[in-house]
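Every number in this text was worked out from the coordinates using simple rules, so none of it is lab data. Keep in mind that this is a model prediction, so the values were computed, not measured. Positions of Cβ are generated from backbone atoms using ideal geometry, with glycine treated the same way; all protein chains shown enter the neighbour counts.
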Amino acid sequence: MSESDMSEGDMNGDGAPKKTMGVDPYERNWMYISIGVIVAFFVLISIAGLALGIQVPTEERRVDPRTFADSAPWGEPAQEVGDGEYEVYVVARTFYFEPASIEIPVDSTVTIYVSSPDVQHGFRIQDTNVNMQIVPGEVSKLKYTFDRPGEYPYICTEYCGLAHAAMFGVVKVVEEGAEAEEAEEGEGAEEGEEGEDE
């Protein structure tokens, strides 16, 4: 393109042609793809957080790691706080959980509070989206609704020492009437053993 073919907009103040930088079409396509991926991530994260109810564990409060585990309700069985709502306070210690077994009725919403008095741990309940990092002195909190009966093992997901692999527990989700039946079966078995002794 000669200087005579250029319009005034294509010239800078001293009459020389403006230097423009063109973007290669190949680069432009990759820029569009990159922007599209970022937008897609934002949309998917929004759907996961809002529509699917995926939660990020939050720090509920801070506690004194030397003394909190010695007071109630830490380490006690699940406590009913409302109709179908329970709270569980789990202590993650090297190398066990307190309580090691949690029993709740099916279709219950459980708020799980977990903390540690010693080292960093993890808390993951299998077949759920409950997965927390446990830091000494901080209380981590998540809610989950157990809508199917069964046993849901929980494990420590952060390496915490030599016996880390032995650190586990179980959430037992039972039908409403199953709790009473299990108690009756246990009493019947004890009576049968007493009869055999006589």
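What does the charge count around Met167 come to, taking other residues whose C-beta lies under 14 Å from its C-beta (Lys +1, Arg +1, Asp -1, Glu -1)?
Details: positive: Arg93, Arg124; negative: Glu98, Asp118, Glu158.
Summing Lys/Arg as +1 and Asp/Glu as -1 gives -1.
Measuring how big segment 58-181 is from its alpha-carbon positions, Rg and Dmax come out at 13.9, 41 Å. Peptides 24-32, 138-146, 95-103, 61-69 ranked from most to least packed, by the mean per-residue count of other Cβ atoms within 10 Å: 138-146, 95-103, 61-69, 24-32.
Lys and Arg at +1, Asp and Glu at -1: add these up for the other residues within a Cβ distance under 11 Å of Glu76 and post the number. Taking every other residue near Glu76 into account, the sum is -2.
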